[in-house]
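Colleague: Take a look at the following structure, please.
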Amino acid sequence: MGMSWLIVPTERTGHAAELTRQFAQQGVPLIVAAGGDGTAGEVAHGMVGTHARMGILPLGTGNDFARCVGIPQNLPEAVEALFTGTPRRVDLGVVNGRHFLNIAGCGFDAAVAHRVNRGYRFLNGTAAYIAAVLQTLATFQPAQMHITIDADSLTERILLCSVANSQSYGGGMRIAPFAQVDDGLLDVCIAKAVSKLEFVRVFPRVFKGTHIAHPRFLMLQANRVIVESVPPVPVLVDGDVMGTTPAQFAVCPGAIEVILPSR
């Protein structure tokens, strides 16, 4: 029995989610996100509550979720994995009504993403993120945040609060090195305010995930996270900036099925 494929380009932010919901409701069994983490997150959002399965072809800038779950970065191998892989239930996060597949957060990382999305003509991938980090650092002021994590809370000047379903973003920054996409929990990384000099010293550690040993980093696991801040800070959702705080994050265990390479 043959399988027919339809390739549909997306035209704007949010379009992939709309198309996914439309196709899934028509009974299309497999919807493939061909792009980066932003596209994959949109497709996941559109798929919630339907019977469709998701496939991923990593054609974006960072492709962090695909890397985390072992989808090959090589395109022919990634296509082969769509046919030979196994459907697995994975968790999603949700923030202010928008589902995310990889990582959401607020503060410094969202400001960096905003800069990356405005574009670097001569850089791509990880190099663009590093350039954006250094430029953002020059003017960024940590906000006073009140963060509620399940039953606990803290109020302090915070550089960033990252809420992760997967391990890395920004082309390999392992902000939550122990995150698992199917454990029913979100991994929360809180970076308390540090001097710019100290930030530049610690920042390279994020590529190995060893930043978590620094005393100004706090790592927790949670079902729900609420972030309020003065002033409001931008909110990051799978690489795209969507609104500002206050933000309410929650985990949706086993929300969708994704075709992952057979182990």
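Colleague: Just rank Asp238, Asp152, Asp182, fewest to most, by other beta-carbon atoms within 10 angstrom.
Modeller: Asp152, Asp182, Asp238
Colleague: Enumerate the residues in segment 57-84 having an amide nitrogen under 14 Å from the point lying 7 Å beyond the Cα of Leu30 toward its Cβ.
Modeller: Flagged as within label range: 57, 77-84.
Colleague: Sort Ile147, Ile56 so that the residue with the fewest other Cβ atoms within 10 Å of its own Cβ comes first and the one with the most comes last.
Modeller: In increasing order of surrounding Cβ atoms, one gets Ile147, Ile56.
Colleague: Work out how much length Arg157 to Gln22 would gain on full extension: take 0.36 nm times their residue separation and subtract the Cα-Cα distance, in nm to one decimal.
Modeller: Stretched fully, the Arg157-Gln22 segment lengthens by 44.3 nm.
Colleague: Can you tell me the dipole magnitude for segment 100-253 around its Cα centre, using point charges on the Cβ only (Lys, Arg +1; Asp, Glu -1), in Debye to the nearest 20?
Modeller: Charge dipole of segment 100-253: 700 debye, to the nearest 20.
Colleague: Looking at segment 147-211, which chymotrypsin sites (Phe, Trp or Tyr not before Pro) are DSSP coil and have at most 10 other C-beta atoms within 10 Å of their C-beta?
Modeller: none
Colleague: May I pose another question? Show that you can apply the helix-only estimate: for the chain, add -39,500 (n - 2.57) for every DSSP H stretch of four or more residues, divide by all residues, and state [θ] at 222 nm to the nearest 500.
Modeller: My calculation for the chain gives -8000 deg cm²/dmol from helical runs alone.
Colleague: Would you order Arg115, Arg201, Arg12 from fewest to most other beta-carbon atoms within 10 Å of each residue's own beta-carbon?
Modeller: Arg12, Arg201, Arg115
Colleague: I've got another one for you. Using only the Cα atoms of the chain, each taken as one equal point scatterer with no solvent, compute I(q) by the Debye sum, divide by I(0), and report log10 of the ratio at q = 0.10, 0.13, 0.14 Å⁻¹.
Modeller: With one equal scatterer per Cα and no solvent, log10 I(q)/I(0) is -0.47, -0.79, -0.92.
Colleague: I need the chymotrypsin sites (Phe, Trp or Tyr not before Pro) found in segment 1-110, filtered to DSSP loop residues with at most 11 other beta carbons within 10 Å of theirs.
Modeller: In loop regions of segment 1-110 (DSSP not H, G, I, E or B), the sparsely surrounded chymotrypsin sites (Phe, Trp or Tyr not before Pro) are Trp5.
Colleague: Treating the beta-carbon of each Lys and Arg as +1 and of each Asp and Glu as -1, no other charges, what is the dipole magnitude of segment 118-199 about its Cα centre, to the nearest 20 debye?
Modeller: 600 debye
Colleague: Here is a follow-up. Could you quote the convex hull projected area for segment 99-160, Cα atoms only and averaged over all directions, in nm²?
Modeller: Projected area, direction-averaged: 5.5 nm².
Where a number appears in this text, it was derived from the coordinates with a stated rule and is not lab data. What you are looking at is a predicted structure, and each value in this text was computed from that prediction instead of being measured. Counting neighbours? That spans all protein chains shown, and the Cβs are built from the backbone with ideal geometry, glycine included.
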